[in-house]
Amino acid sequence: MDERQKLPPHDLDAEEATIGSLLIDGGAMEKIPFLTYTDFYGEANQLIFKACMEVYDRGEGINQITVAQELDRQGKLEVSGGAAFLSHVISIVPTSLDIVNYANIVQRLSVSRQMITAGGGIATLGYMADPDPSSALNKADEMLLSIRRNTVGTPIISPEDRVKLLSDRYDRLFAKEQEVAVKTGIASLDYMLGGGLFQGEVILLAGRTGMGKTAFLETITNNVGKTGKNVLYCSVEMDWESLSDRDMAGLMGVPISAIRLGGYEGELYARMTGEGLEAIGNLSVFYYDDNPITTAKVMNAGMEMKLRRGLSLIVVDYLGIMGDEYGRSPYERVGYISRRVKQIARVLDVPVLVAHQLSRGLESRDDKRPQLHDLRDSGNLEEDADVVLFLYRENYYDEATEEKTTEVLMGKQRQGDSGEHKRVRLMFDSKGKCYRGIQGDR
């Protein structure tokens, strides 16, 4: 094709998918504040997206009917393809989950078209007879700066933006409209954490095999789920049925084997299918049922939860055996997974509580309480985690000891201090298959 016949960069499929996603889920407009109608190449797509923006700015819900009415009010319904075209763009996208990806394509190509236009303008300045170099350069700079200004959604927060955002944040905290941290349900642990599990943070729980990490994760999961906050539980090690059997055993106060073997006595069966299932049904806990589980799958599942139902916490058990393949060594792979988990927490703006196995190296020491350097052979875990908690139980190494409590040690706290004085003691309830705080212990 002749260079002069080339069309400007554009992707009508991405434009239509963006609009279709909005018509399916008008609330998704909040996910693409960086996009405006001038970013669209197709005239009909420009008109429809502009109508979506105007409906949204009035505080009305975006859907096929409201957008069609707005286009009709403007006398633009037919020129934009009519109701048939609105139905078409809805039919080509199954969900709105990928709207950010579609919108990024639209904006990127919009910037490319603007750069081509600016390049032509700069070339014209270069051909001008005896141009004033200073004036010409200023005009060229202004053309490029105009593109930057029009490409909104920059991750840079100005001093003015920061003041406004902080004002909103402190207003919410003052009025207690919402809790910033997710409470674990264990008062002493929440106190040590400075309030609970904070949005956008990675909380790493590390311990030796058999130290009780899964029971700890289940305890926090169920405590949060009882409050009505939605938890996404991703277990790489155990399937949802095995985890549910543990919950049922705890609710019934019987050994896990009594649940897994079957052949129940009539009274136990009646309690299981009655009060047991009712209690489990009242937990706002969602299990991700897939194998293998990768960080990409956790991100997608978390995004779907957040958009469709709301999401307060993600729990991953456990990091070291996730299915991501990366690098040429276990060290590189774990480091990659660690970085991805941090991205999940930041992008979804929820705390991610993730378990990790410690090596046998610490068992060669006299004091076997885990320390941060026990993580240093595990990729970037120490650097990426906002909080590092260690589980330690004295009778794990010496069954004769009278001390039966489990210590939760604070190895790292990015927004606070850590050290030997930062620890809480928990009692493991063997019947309830969960941890409980010790009364008066803080």
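A short reminder: the numbers here are calculations on the coordinates, not readings from a lab. Here the structure is a predicted model, which is why all the values come from computation and not from measurement. All Cβ positions, glycine included, derive from the backbone under ideal geometry; neighbour counts span all protein chains shown.
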What is the Å³ per residue value for the convex hull set by the Cα atoms of the stretch 181-437?
133 Å³
With +1 on each Lys and Arg Cβ and -1 on each Asp and Glu Cβ, how big is the dipole of the stretch 3-150 about its Cα centre, in debye rounded to the nearest 20?
200 debye
Treat the count of other C-beta atoms within 10 Å as a stand-in for reagent exposure and order Ser110, Ser91 from fewest to most.
Ser91, Ser110
Using R₀ = 45 Å, calculate the FRET efficiency as 1/(1 + (r/R₀)^6) where r is the Cβ-Cβ separation of Ile105 and Asn282; round to 0.05.
0.60
How high is the relative contact order of the stretch 3-150, in percent, with contacts defined as C-alpha pairs under 8 Å that are six or more residues apart?
32 percent
Per-residue ellipticity at 222 nm for the chain, helices alone: DSSP H runs ≥ 4 residues times -39500 (n - 2.57), over residue total, nearest 500 deg cm²/dmol?
-14000 deg cm²/dmol
Once amide H atoms are placed 1.01 Å from N in the peptide plane, what residues at a sequence separation of 5 or more from Asn230, or on another chain, have their amide H within under 5 Å of its amide H?
Ser312
Let me spell out the model: positive unit charges on the Cβ of Lys and Arg, negative unit charges on the Cβ of Asp and Glu, origin at the Cα centre of the chain. What dipole size does that give, in debye rounded to 20?
640 debye
Arranged from highest to lowest average of other beta-carbon atoms within 10 Å per residue, in what order do the peptides 323-329, 111-117 appear?
111-117, 323-329
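Say R0 is 35 Å: what FRET efficiency, to the nearest 0.05, do Ser257 and Glu30 get from their beta-carbon distance? Intermediate results must be reported in sequence, preceding the final value.
Details: r = 49 Å, r/R0 = 1.40.
The pair Ser257/Glu30 has a calculated efficiency of 0.10.
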About its Cα centre, the stretch 181-437 carries a charge dipole, from +1 on Lys and Arg Cβ atoms and -1 on Asp and Glu Cβ atoms, whose size in debye to the nearest 20 is 600 debye
Which one, Val354, Ala215, Tyr396, projects farthest toward the positive side of the charge dipole computed for the chain from Cβ point charges (K/R +1, D/E -1)?
Tyr396
Förster radius 30 Å - calculated FRET efficiency between Glu304 and Ile122, Cβ distance, rounded to 0.05
0.10
Of Gly61, Asn101, Val89, which is farthest towards the positive pole of the stretch 3-150's charge dipole, taken about the Cα centre with +1 and -1 on the beta-carbons of Lys, Arg and Asp, Glu respectively?
Asn101
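Scaled to the compact-protein estimate 2.2 N^0.38 Å, what is the alpha-carbon radius of gyration of the chain, rounded to two decimal places?
In units of the globular-protein estimate, the chain measures up at 1.25.
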Hydrodynamic radius by Kirkwood, which averages 1/r over all alpha carbon pairs of the stretch 3-150, in angstrom:
16.7 Å
Given an 8 Å cut-off on Cα distances and at least 6 residues of separation, report the relative contact order of the chain as a percent.
16 percent
Listing Ser96, Ser242 from the residue with the fewest other Cβ atoms within 10 Å to the one with the most, what is the order?
Ser242, Ser96
Rank Thr406, Gly26, Val79 by how far each Cα sits towards the positive end of the charge dipole of the chain (+1 on Lys, Arg Cβ; -1 on Asp, Glu Cβ) and give me just the farthest.
Thr406
